[in-house]
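Here's the structure we're looking at; comments come further down.
The values are calculated or read from the model by the stated rules, or taken from the named source; none is laboratory data. Small disclaimer: the values here were computed from a predicted structure and weren't measured. Please note: Cβ atoms are built from the backbone with ideal geometry, for glycine as well, and neighbour counts cover all protein chains shown.
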Amino acid sequence: MDAHRKQRQAQHPSLTITDMYNVLEKLRSGEALSAKEQKTHEQGLVSILLQLHTELDAAVAAAYGWPANLPEEEILERLVALNKERAAEEARGLVRWLRPEYQNPQGTQQTEIGLSTKTKVAKATAKETLAWPKTLSEQAQAVQRALQLHERPATAEDLLYQFKPVAKPQQGQRLQQIDSLLQTLHGLGLLRKTELEQYVK
């Protein structure tokens, strides 16, 4: 997303982030664009930027185990409830570290992040081969499960083989999808990244 914005601004120096996001909000609301906004839309490829945000929102929702199309009010209600739940857990001494190598250098075992046991990624067995889901939210959950199945730090290429094989021409696209989801989950604090560029729960 950041690379997309920087690339468009490099090609069009007068293009601003504010202009792009004003147009993005109009696209979301279905409002008609003015001639100036249409130019911004074309220079900034704002439809692609909107798609990137939509995919990121879906991945975030999947990480929490929530539907991707929740209204803003319900998202806020759920976050408030989650905050209360976490505060109660920490009062009992249960801390869910996001970056244990910095927050918990003593090595106390980190508990799994999730809203409840209902939304945790199911445990996988060593013999299990995973199907690749159709929706982005299910794909995010499948990647987390594949990482559990791998049972050690893994790259996107390692996890590729945890899924049912695809035709060779499609492997590059699948690998890119897995890598993108790993980066998103890492950015959300749901995965850790090692010095060897591998991911681990």
Taking only segment 54-97 into account, find how many residues are closer than 23 Å to ARG28 by Cα and not in a helix (DSSP H, G or I). 6
From GLY189, GLY107, residue being in a loop (DSSP other than H, G, I, E, B), over 16 Å from the mean Cα position of the chain (by Cα), on the phi > 0 side of the Ramachandran plot and modelled with pLDDT under 85: GLY107
If we keep only residues of segment 28-75 that are modelled with pLDDT of 90 or more and among the β-branched types (Val, Ile, Thr), then the residue nearest to HIS12 (Cα to Cα) is THR40
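Table: residues versus (1) surrounded by 14 or more Cβ atoms within 10 Å (Cβ to Cβ); (2) hydroxyl-bearing (Ser, Thr, Tyr); (3) closer than 18 Å to VAL60 by Cβ.
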{"site": "GLN141", "(1), (2), (3)": "yes, no, yes"}
{"site": "GLN148", "(1), (2), (3)": "yes, no, no"}
{"site": "ALA154", "(1), (2), (3)": "yes, no, no"}
{"site": "ALA167", "(1), (2), (3)": "no, no, no"}
{"site": "GLN170", "(1), (2), (3)": "no, no, no"}
{"site": "GLN183", "(1), (2), (3)": "yes, no, yes"}
{"site": "LYS201", "(1), (2), (3)": "yes, no, yes"}
What is the residue count in segment 30-48 for residues that are on the phi < 0 side of the Ramachandran plot and either outside any helix (DSSP H, G or I) or in contact with a Phe, Trp or Tyr (Cβ under 8 Å, 6 or more places away or on another chain) (or both)? 4
Would you tally the residues in segment 1-29 being assigned to a helix (DSSP H, G or I) and either touching a His at 6+ places or on another chain (Cβ under 8 Å) or of a type in the set (Lys, Arg) (or both)? 8
Looking only at segment 148-172, filter to residues that are part of a loop (DSSP other than H, G, I, E, B) and basic (Lys, Arg); which one of those is nearest to ALA131 (Cα to Cα)? LYS164
